[in-house]
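Have a look at the structure below before the remarks.
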């Protein structure tokens, strides 16, 4: 008997249907019935396609696709709630499996459901050790943000470095020092 796999299915690697994409692409705020299709690719090769019928009058999306040789056809209800700001409504999918509201349906094992409907699935960051999560949450986002600001700011004025540029360089050096200190304390980096 074959050994069962031990690595989890990652949500980042799954096909998914995002309500925000459908909302912008098919102007779902207009009450009507629309026939649409979506396709996915992985490394330049087709990874799947799905036909959709979006009915914003009766508030549902009908999914029609094949998983392997098996045809799949089912409806996902739409729900809307008033915004907490009092301006407009916020739309959600109602998962046919769990009944939970969500804005993204993940395609795992041939079904598009809310993420909690699947066992053994997780996000990429959940597979990291606590040490690497600490590095990932605390330091790397700041470095990315600072590098983005460095790219946009003016570096010199009349031949001298600008104050903003110098300030961003100091912040970047501080992040590097923090990364080195945490790495040394956790034993991740050489001393």
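Rounded if a/c is under 1.5, else prolate if a/b is larger than b/c, else oblate: which is the stretch 9-121, with a ≥ b ≥ c the root eigenvalues of its Cα gyration tensor? Prolate shape, in that a/c is at least 1.5 and a/b is the bigger ratio. The peptide list 89-100, 20-31, put in order of mean Cβ contacts within 10 Å with the highest first, becomes 89-100, 20-31. The length gained by stretching the chain between residue 163 and residue 116 to full extension, at 0.36 nm per residue less their Cα-Cα distance, is 12.1 nm. Summarising the label geometry, the points placed 7 Å from Cα in the beta-carbon direction at residue 33 and residue 67 lie 2.6 nm from one another. Rounded to 0.05, the FRET efficiency of the residue 143 and residue 79 pair, given R0 = 41 Å and the Cβ-Cβ distance, is 0.55.
Under 12 Å from a label point set 7 Å out along the Cα-to-Cβ vector of residue 53, the amide N atoms of the stretch 19-36 belong to 33-36. Summary of packing: across the peptides 158-165, 34-41, the per-residue average of other C-beta atoms within 10 Å ranks them, highest first, as 34-41, 158-165. Report note on the peptides 59-67, 123-131: ranked by the mean count of other C-beta atoms within 10 Å, highest first, their order is 59-67, 123-131.
Helical runs assigned H by DSSP (4 residues or longer) give the chain a calculated mean residue ellipticity at 222 nm of -9000 deg cm²/dmol, each run adding -39500 (n - 2.57) before division by the residue total. What is the helix-to-structure angle for 140-152, meaning the angle in degrees between its Cα long axis and the longest Cα principal axis of the chain, kept from 0 to 90 and rounded to the nearest 10? Tilt of helix 140-152: around 80 degrees. Measuring nothing but how far apart in sequence close Cα pairs (under 8 Å, 6+ apart) lie, relative to its length, the chain scores a relative contact order of 15 percent.
We did not get these values from a lab; they are worked out from the coordinates using the rules stated. Treat the numbers as computed from the prediction; the structure is a model and nothing was measured. Cβ: placed from backbone, ideal geometry, glycine included. Neighbour counts: every protein chain shown.
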